[in-house]
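For reference, the structure discussed in these notes is given below.
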Amino acid sequence: MIIYHGSKDIIEVPEFGKGNRRNDYGLGFYCTGNIELAKEWACPDNETNGYANKYEIDPGEYKVLDLRDDKYSILNWIALLLKFRTFDTNTPLSVQAKEYILENFYIDVEEYDIIIGYRADDSYFSFAKDFINNGITVEQLGEAMRLGELGIQIVLKSERAFAGVKYLGYEAAECKEYYTKRVSRDKKAREAYLGGNRHNPGADGIFVMDIIRGRIKNGDKSI
């Protein structure tokens with residue numbers, strides 16, 4: 001599998017144990033299979049050029065958590081964000097929702113070498129917060145993920161995975177081009193989301209309050 005890591009730096013040897021522990025899936029080396037996305041991620045502003053570092057790894061040699069698999073739901077992804085990202089739970093409901101989702105849908109990522117799943121850009125993160133605050137349904141959240149097209153990320157988690165990745169080179173990312181594309185992609189995700197039934201308490205579907213009241217657990221066919 002060919003993967004790319006967008007960065008302001010050329011990284012020939014990813015270092016295990018470095019990085020931000022508050023990323024989506026905790027500490028790890030965050031990559032994508034899409035070089036265009038990597039170039040966008042490499043340009044967080046329109047003043048600094050970046051690089052799409054290219055690597056090769058054989059996922060068949062590792063224990064992989066693929067959140068796209070049918071046996072997982074969007075709530076498993078939400079649980080991981082609640083575990084690692086910083087959420088403002090400033091209402092009794094959001095506090096209760098966080099506790100319930102973590103207790104019933106969290107997957108221990110430390111058991112895996114590689115994780116594959118959604119990347120929580122600012123827009124995706126705002127969708128997740130709306131769900132935790134009972135503003136949208138599970139179905140609306142899933143639709144927002146699908147329409148947003150903000151990309152899937154591949155995260156190397158274990159020291160073993162870091163040791164097995166092979167560096168293949170890099171391509172430069174011009175910030176004037178790729179920051180614009182990044183902003184455009186995020187805007188498209190937000191417009192698709194706002195075009196739905198956001199904050200409609202009468203919307204059909206399952207809200208987080210329904211999940212709590214119904215004692216819905218991981219693997220329930222309703223989600």
Select from the stretch 2-38 the residues that are open to solvent by 80 Å² or more (accessible area, probe 1.4 Å) and closer than 15 Å to LEU168 by Cβ and list them in ascending order.
GLU12, VAL13
Can you find, within the stretch 165-189, the residue that is farthest from CYS31 (Cα to Cα) among those that are of a type in the set (Asp, Glu) and not in a helix (DSSP H, G or I)?
GLU174
Test each condition in (1) open to solvent by 10 Å² or more (accessible area, probe 1.4 Å); (2) modelled with pLDDT of 95 or more for ALA161 and report the one that comes out false.
(1)
Can you name the number of the only condition in (1) closer than 21 Å to VAL13 by Cα; (2) touching a residue at least 60 places away in the same chain (Cβ under 8 Å) that PRO59 fails?
(2)
State all residues of the stretch 1-35 that are among the charged types (D, E, K, R) and within 16 Å of the chain's Cα centre (by Cα); if no residue qualifies, say none.
ARG21, ARG22, ASP24
Quick check: anything in the stretch 55-75 touching a strand residue (DSSP E or B) at 6+ places or on another chain (Cβ under 6 Å), closer than 30 Å to GLU177 by Cβ and modelled with pLDDT of 95 or more?
yes
I'd like to verify a number: residues in the stretch 164-185 that are touching a Leu at 6+ places or on another chain (Cβ under 7 Å) and either small (Gly, Ala, Ser) or modelled with pLDDT of 95 or more (or both), how many?
1
Which pairs have Cβ atoms under 7 Å, sit 6 or more apart or on different chains, and link a residue in the stretch 101-118 that is without any contact (Cβ under 8 Å) to a residue 40 or more places away in the chain to one that is open to solvent by 40 Å² or more (accessible area, probe 1.4 Å)?
LEU102/LYS83; TYR106/LYS83
Selected residue (criterion: least open to solvent (accessible area, probe 1.4 Å)) from residues of the stretch 70-98 that are more than 20 Å from the chain's Cα centre (by Cα) and free of Cβ contacts under 8 Å to residues at least 12 places away in the same chain:
VAL95
Filtering the stretch 132-158 down to residues that are modelled with pLDDT under 90, within 18 Å of LEU80 (Cα to Cα) and open to solvent by 30 Å² or more (accessible area, probe 1.4 Å) yields ILE152
Among residues belonging to the stretch 106-122 that are hydrophobic (A, V, I, L, M, F, W, C) and either assigned to a strand (DSSP E or B) or more than 18 Å from SER73 (Cβ to Cβ) (or both), point out the one that is farthest from the chain's Cα centre (by Cα).
ILE114
Please find, within the stretch 85-105, the residue that is farthest from GLY33 (Cα to Cα) out of those that are in a loop (DSSP other than H, G, I, E, B) and in contact with a Lys or Arg (Cβ under 9 Å, 6 or more places away or on another chain).
THR89
Consider LYS221 carefully, then state whether it is of a type outside the set (S, T, N, Q), open to solvent by 80 Å² or more (accessible area, probe 1.4 Å) and at pLDDT below 95.
yes
Number of the exception - PHE125 against (1) in a helix (DSSP H, G or I); (2) over 30 Å from TYR4 (Cβ atoms):
(2)
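The values are calculated or read from the model by the stated rules, or taken from the named source; none is laboratory data. Computed from a predicted model, the values in this text were never measured in an experiment. Cβ sites come from the backbone with ideal geometry, for glycine too, and all protein chains shown count toward neighbours. All accessible areas refer to the heavy atoms of the entire protein, side chains included, with ligands and DNA or RNA removed. Shrake-Rupley method; radii C 1.70, N 1.55, O 1.52, S 1.80 Å.
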